[in-house]
Every structure is written in C-alpha cells, then in structure tokens.
Amino acid sequence: MTAGAQPDPRQAAREPGHIAGLGQRLPELTPRLEAIVSAIQAFAALRFDARAPLGPTGDIVDALAAGVNFLGEELEASFNEVERRVAERTAELAAATRELGRRALHDELTGLPNRALLFDHLAHRLQQAGRRAEGLGLLFIDIDRFKLVNDTLGHAAGDRLLVDVAARLRGATRVGDTAARMGGDEFVVLLDDVASPSAALTGAERVRVALSGSYELGSGPWPVTVSVGAVAGDDGLDTPDAVLAAADAAMYAAKQQGGGRCMLHGGGARGRPDHDPALDSGGDEP
Amino acid sequence: MITNPKFRMWLRDDGIVHLVWEPRSAMGFEDAVAATGAMARLTGGQRTPLLVDVRDCGPQDRPARLEFARRGDLVSAVALVVGTPLSRIMGNFFLTVSRPMAPTRLFDDEETALAWLSGSAE
C-alpha cells in the first residue's frame, strides 16, 4: 500500500483474523470482547454495576457492549426493585405479626392487657417470688351496678364507661404494675412490689378512689363506684388461679357489704360506699 | 435554536422539533432533562412531533431513557434516525424496554422519518 492510499477492504477481508465489517483484526478485537465477557461474568456473580467499555466508533462490538450494559442496568434495577419489595413485604408481615400478637394479648375495647397476658405476668411474678424480697399484690376490681348503665343508657354508654374506667386505671397504676381487663366490667391490677398486706390495701384504696366519681356518658354525669378485692403475695397463694380466686372472693365480700369499698383477702376493709339513691334501685348487684 | 454541549435543537418551519445529538456524546440523566427542558421551551409544552438524530451518538444510560419516556407528554410522535450499530441497539432498547408513551419508530434516513412524522401529525 502506498502512502496516502486507502486500504483495500477486499484485501483486508482475505487476511487471517479479519472480521468482515469491523475493520479490525481479531487480535485487536480480543481485549474488547474480553471486557464484554468480564461484564457478563460480573452479572452472573450479581455484580450488576459492572459495565463493558465502549469504543469511539459505535461499531457492532460497541453495540454488543452497550447491549450488555443495558441488560446490566435493567437487571440491577429489577434486582433492586425485588429487594425493595421483599423488604417492604417483610416489614408489613412483621407489623401484622406484631399486631396479631398485640390483639391476642390485649382487650380490643380498652386496649388494656387481657386475661391471657395478665395470667402470663402473674405466673412470671409468682416464679420470682422466692428470689425477690418484696412481695406481689393483686387487685380485683368490679364496677358497681354496671348492668344499670347498660340497661338505662345502652351498651354504647356501657362500653364508653369501660373505656373511661380503663383510662383512669392506667393513670392510677404505677410503673411495673399491670392493669388488665378480665372481661365484662371486671379489671385486675397486678402490683409488682408490695411490702405488706397493708400496703396492698393502700394500693387498692388508691385505685378505688381514682375510679370512683362522675363519668360523662352522654346523658349528663353518671356517678360510679367500684368494689376492690386485694390479695398480698405472702398469703400462701402460689398459682395464678389461686391468687385471682382469692382477690375475686375479697371483691365479692366488698360487694356484699354494699360495694364502693376495698376488702383484703383474709380480712381488712377500707372505703365507704358512695351513697347514691338512684343507683340503689337499679341492677342486680351492688 | 437551543444549543448545548451535547445537542442542538430547533423548531422547523413544518412544526417538527429537530434534535441532533453531538457525535459520540454519552447521554445521562442531566442531558435528558436538558433536552426535554429545551423541548418544552421551544413548544410551550404542547405535544409536538420530534425528529431525533442519534446516528453517531454515544451510549445512553437507564436514567436518561426513563426520563425521555417519562416526558412523553411533550411529544406527539418521535422518529429516531439511527446509523451506527450502537445507535440502533440503543433505539431498540428505548422502544422495547422503556416503552415510550408516544408513537416512536426507528429510521435509517431523515427523509423517511420526516415523512412519517408529517403523517403522524395530520
């Protein structure tokens, strides 16, 4: 070939290693193709940010490299999208699981722990009894003449009273104690740290005062009293059922004496019934 | 005419916007935003046929393709004039992967592309 003359493409095509249309010999193409292969191998190893370099000509090898790069970009985007969705679904599942767990252990109306969670806390606290110096206490609370609210004002007002009582009960409960709704108009407070039966009775009185009083149920103020049965941990009771039964019995004794008072299992009473003639005539309980 | 280091764009007398990408220039997201912004300025945001000369352009990345596809509200039809194998595969990817909203086709020459755009504008 003379200086300045154009290469003869037919001659070039006859030379070993020439690929038609590329104008490059195979040895010169090899590193470009190897770079593309490297990018493909990186994708296979889930390294989707790998890219094959492109030359300046936009020839078929550049098109191949660009195509591989395009696939890498799309794979990376799809992979990231799948990972994002998996993370999103996992978070939703975890939230749903937490919510199911919460519903299984909480009263739907008041949001307080339910009987199952109270039993769990009580059983755990009883197991600790031998290792802790301080004792436990348990209060069993029943709203006096609750049936009268349902019968007179309707069940919606009854539900509202339960919610309001639960709110006051939360406010009257110390950190570490567990306030729970057992069902109906019955509530229980597990006192985590009680020095003596007298202290349990003091706690019961604090709760009785907090819950007693006027409630707004949609038709003017409605006076409410509660009866509270208290148990102290050193009463020889060693199972949740026994502790609850003892507190329930003390609460029943408080009811028998007119309600609006606290009774300690094994003796002791505090509180006076808040006399209300309107309540005296209604309901099948004090 | 709007000029940019990566492209030139102008509104032709026949109402078609002509976009020419500079040879061997790679297109990224910011270039796509610049081009669609220029288009909006030229047309006032009205849907307009667009002739794009990518015959000798460089590679286009995914964010750029997505931005072009997203701003389908600016165009009534798009004719991509391709030349090199690289520009052809990029055009094909834009059609098949990005799925532009407006009718979009690849052409080997400007004349046929303009004829199609004129027809699509009627």
#### Entry: Residue match in segment A:125-148 (condition: at pLDDT 90 or above, more than 26 Å from the chain's Cα centre (by Cα), of a type in the set (Val, Ile, Thr) and farther than 30 Å from A:Val194 by Cβ)
no
### Task
Kindly indicate whether B:Ser76 is touching a strand residue (DSSP E or B) at 6+ places or on another chain (Cβ under 6 Å), more than 14 Å from chain A (Cβ to nearest Cβ), of a type outside the set (D, E, K, R) and surrounded by fewer than 20 Cβ atoms within 10 Å (Cβ to Cβ).
yes
### Query
Counting only residues that are farther than 18 Å from B:Asp73 by Cα, within 14 Å of another protein chain (Cβ to nearest Cβ) and under 13 Å from the mean Cα position of the chain (by Cα), how many does segment B:93-122 have?
1
### Task
For residues that are within 24 Å of A:Gly67 (Cβ to Cβ) and buried (at least 17 other Cβ atoms within 10 Å of the Cβ), scanning just segment B:29-49, find the one that is farthest from the other protein chains (Cβ to nearest Cβ).
B:Ala35
### Query
Residues in segment B:1-14: is at least one in a loop (DSSP other than H, G, I, E, B) and surrounded by 17 or more Cβ atoms within 10 Å (Cβ to Cβ)?
yes
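Answer yes or no as to whether A:Val37 is surrounded by 15 or more Cβ atoms within 10 Å (Cβ to Cβ), among the β-branched types (Val, Ile, Thr) and assigned to a helix (DSSP H, G or I).
The answer is no for A:Val37.
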### Task
List every residue pair whose Cβ atoms lie under 6 Å apart, where the two residues are 6 or more positions apart in sequence or sit on different chains, the first residue falls within segment A:101-121 and is assigned by TED's automatic domain parsing to the domain that holds A:Asp192 and in a helix (DSSP H, G or I), and the second residue, located anywhere, is modelled with pLDDT under 95 and charged (D, E, K, R).
none
### Message
For segment A:120-138: of the residues being hydrophobic (A, V, I, L, M, F, W, C) and crowded, with 20+ Cβ neighbours inside 10 Å, which is nearest to A:Val189 (Cα to Cα)?
### Response
A:Leu138
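Check whether at least one residue in segment B:55-70 is within 10 Å of another protein chain (Cβ to nearest Cβ) and part of a strand (DSSP E or B), and report yes or no.
Checked segment B:55-70: at least one residue is within 10 Å of another protein chain (Cβ to nearest Cβ) and part of a strand (DSSP E or B).
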### Task
Using the structure shown, decide if A:Gly58 is surrounded by 11 or more Cβ atoms within 10 Å (Cβ to Cβ), at pLDDT below 90 and touching a Ser or Thr at 6+ places or on another chain (Cβ under 8 Å).
yes
### Task
Answer with yes or no whether B:Val52 is more than 12 Å from chain A (Cβ to nearest Cβ) and in contact with a helix residue (DSSP H, G or I) (Cβ under 6 Å, 6 or more places away or on another chain).
no
### Query
Taking segment A:135-155 as the region of interest, how many residues are part of a helix (DSSP H, G or I) and free of Cβ contacts under 8 Å to residues at least 12 places away in the same chain?
2
### Message
Just checking, does segment A:21-44 include any residue being within 25 Å of B:Ser98 (Cα to Cα), of a type in the set (Gly, Ala, Ser), modelled with pLDDT of 90 or more and in contact with a Ser or Thr (Cβ under 9 Å, 6 or more places away or on another chain)?
### Response
no
### Query
Just to be sure, is A:Phe70 within 14 Å of chain B (Cβ to nearest Cβ) and out of contact with any Lys or Arg (no Cβ under 9 Å at 6 or more places or on another chain)?
no
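Among the residues that make up segment A:90-99, is at least one of them among the charged types (D, E, K, R), assigned to a helix (DSSP H, G or I) and within 14 Å of chain B (Cβ to nearest Cβ)?
No; the residues of segment A:90-99 include none that is among the charged types (D, E, K, R), assigned to a helix (DSSP H, G or I) and within 14 Å of chain B (Cβ to nearest Cβ).
The values are calculated or read from the model by the stated rules, or taken from the named source; none is laboratory data. Keep in mind the model is a prediction, meaning the values are calculated, not measured. Cβ atoms come from the backbone with ideal geometry, glycine included; neighbour counts cover every protein chain shown.
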